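Enquirer: Let me give you the structure first, and then I'll get to my questions.
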Amino acid sequence: MDSVIRVNLPQQPYDIAIAPGNLDQLDERMASLDLGKKVLVVSSPVIFKHYGERAIASLTSAGFEVTVCKLPAGERYKTLASIQKIYNAALENRLERSSTLVALGGGVIGDMTGFAAATWLRGINFVQVPTTLLAMVDAAIGGKTGVNHPQGKNLIGAFYQPKLVLIDPQVLKTLPVREFRAGMAEVIKYGVIWDAELFAQLEQCDHLNQLRYLNTDLLQEILSRSCQAKADVVSKDEKEAGLRAILNYGHTIGHAVESLTGYRSVNHGEAVAIGMVAAGQLAVNLQFWKSSAQERQLHLIQKAGLPTNLPTGINIEAIIDALQTDKKVKSGRVRFVIPTQIGAATVTDQVPTEAIRQVLTRMVSSEQ
């Protein structure tokens, strides 16, 4: 069972290859791309322990000269200091313009490796081998790379496309349950903004909160449809001039929640789930979509074991202030992605602050 999805960009089209056992095919996939011999694999200690040797064995069998740079993978380590470590490893191992950085890990590792590739020697080759569900369906595709600034998420970055995204669903077996759920938030997002059929398929599942409830075919379908949705949108709007902004559904309030909790107590997917609940309720209140659609979204988010309320102790006014530092602010106005029906969304800057305050107040956990 093998899916290959083409990301059709005029400057640099590339493939997303999805198949069980793909990790052992890394050599063949990369050898066909006519890359240089030197490869620097960037990974985290935990992921490298599980999959590093397999990736290296595959690459060396094809004649690549492989070295490794290990970095901690938490969102709070997504900084320029970590990028410096990749630069140091690149320098030490004399990487050239034809050399390749391979990101073996989750979204944080992929974002940092991509940014290092975009900026080292003004741009070297870059391959994504995502190992989390969230990275497979979202972070590894589309060329957004970067690091966080203390004042906000992903404020430092570049658009830089990989040469290949290689996905092996089998590596999800070692993914912690909480991280699997985080990835499901992005899958649900694609159903809401782009693919009504994917949304309907998710509704037919009894449980979405653990990998063991998904059979191999369903997992392949979820990965393929999610990657296709991202590829479709990115192919139409690589640099987020218009349409691509819909991929930020749930992320506006989500990013504020992440940064205000110090990237420690709420992970990215959980924050996006909270943000989708808020954006969905805003859509109902502003009469963009029906309350029945919001109920369906809420049900899926709960079925995936994701939060629907704000974390305890978070300040609503602090969230509203944090929205002003969001990258999507234009002329001082916060741009929200608002769903209009299951499978479609729009972007608007006509969301009054009072409407946001009202929705967030309703989302304060009853345990607070």
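Enquirer: How many nm separate the modelled label positions at ARG6 and ALA196, each set 7 Å beyond the Cα in the direction of the Cβ?
Expert: For the pair ARG6/ALA196, the computed spacing is 2.8 nm.
Enquirer: Relative contact order of the range 78-141, please, whole-number percent, based on alpha carbon pairs below 8 angstrom and at least 6 residues apart.
Expert: Reported relative contact order: 35 percent.
Enquirer: Also: Could you give the distance between the Cα centres of the range 170-216 and the range 2-27, to the whole Å?
Expert: 21 Å
Enquirer: Quick check: pseudo-label points 7 Å beyond the Cα along Cα→Cβ at LYS236 and LEU80, how many nm apart are they?
Expert: About 3.7 nm separates the two model spin labels.
Enquirer: Helix-only estimate, please: 222 nm mean residue ellipticity of the chain, summing -39500 (n - 2.57) across DSSP H runs of length 4 or more and dividing by its residues, to the nearest 500.
Expert: -12500 deg cm²/dmol, from helical runs alone.
Enquirer: Right, another one. Taking the Cα centre of the range 3-174 as the origin, how large is its charge dipole in debye, to the nearest 20, when only Lys and Arg (+1) and Asp and Glu (-1) carry charge on their Cβ atoms?
Expert: For this selection, approximately 400 debye.
Enquirer: Roughly how big is the chain's charge dipole about its Cα centre, with Cβ charges of +1 (Lys, Arg) and -1 (Asp, Glu), in debye to the nearest 20?
Expert: 740 debye
Enquirer: Net charge around CYS227, counting only other residues with Cβ within less than 14 Å of its Cβ (Lys, Arg = +1; Asp, Glu = -1)?
Expert: Net local charge, CYS227 excluded: -4.
Enquirer: Dividing the Cα convex hull volume of the range 251-311 by residue count, how many Å³ per residue is that?
Expert: Taking only Cα atoms, the range 251-311 has a hull volume of 68 Å³ per residue.
Enquirer: Here's something else I'd like to know. How high is the relative contact order of the chain, given as a whole-number percent (alpha carbon pairs under 8 Å, six or more residues apart)?
Expert: After rounding, I find 15 percent.
Enquirer: Can you compute the charge dipole magnitude of the range 142-225 about its Cα centre, using +1 on each Lys and Arg Cβ and -1 on each Asp and Glu Cβ, nothing else charged? Give it in debye, rounded to the nearest 20.
Expert: 460 debye
Enquirer: Hey, another quick one. Compute the FRET efficiency between GLN350 and ASN93 as 1/(1 + (r/R0)^6), taking r as their Cβ-Cβ distance and R0 = 56 Å, and round to the nearest 0.05.
Expert: 0.60
Enquirer: Further question: Relative to the present Cα-Cα distance, how much length would full extension add between LEU286 and GLU65 at 0.36 nm per residue of separation?
Expert: 73.9 nm
Enquirer: Let me ask you something else. Just to confirm the number: angle between the C-alpha axis of helix 107-119 and the first principal axis of the chain, 0 to 90 degrees, nearest 10?
Expert: For helix 107-119, the angle is close to 60 degrees.
Enquirer: As an exercise, use a Förster radius of 22 Å and the Cβ-Cβ distance of THR174 and ALA57 to find the FRET efficiency, rounded to the nearest 0.05.
Expert: For THR174 and ALA57, the calculated efficiency is 0.80.
Enquirer: On to the next question. Roughly how tilted is helix 80-92, in degrees to the nearest 10 and between 0 and 90, from the longest Cα axis of the chain?
Expert: Roughly 10 degrees, rounded to the nearest 10.
Enquirer: Given a Förster distance of 25 Å, report the FRET efficiency between ASP217 and SER32 from their Cβ-Cβ distance, rounded to the nearest 0.05.
Expert: The formula returns an efficiency of 0.40 here.
Enquirer: May I ask what percent, to the nearest 5, of DSSP beta bridges between residues of the chain are antiparallel?
Expert: 40 percent
Enquirer: Now a separate question. As a quick test, which of the pairs LYS49/LYS163; LYS78/LYS236; LYS239/LYS290; LYS236/LYS290; LYS85/LYS153; LYS37/LYS70 have an alpha carbon distance above 22 angstrom in this structure?
Expert: Distance filter (> 22 Å) returns LYS49/LYS163; LYS78/LYS236; LYS239/LYS290; LYS236/LYS290.
Enquirer: Given a cut-off of under 8 Å on Cα pairs at least six residues apart, what relative contact order in percent is computed for the range 3-174?
Expert: 26 percent
Enquirer: Would you mind checking the tilt of helix 268-285 against the longest principal axis of the Cα atoms of the chain, expressed as 0 to 90 degrees and rounded to 10?
Expert: 30 degrees
Enquirer: Which number do you get for Rg(Cα) / (2.2 N^0.38 Å) in the range 177-362?
Expert: 0.97
FYI, it's all coordinate maths here, none of it is from the lab. Just so it is clear, the structure is predicted and the values come from calculations on it, not from any experiment. All Cβ positions, even for glycine, are placed from backbone atoms using ideal geometry, and neighbour counts span all protein chains on display.
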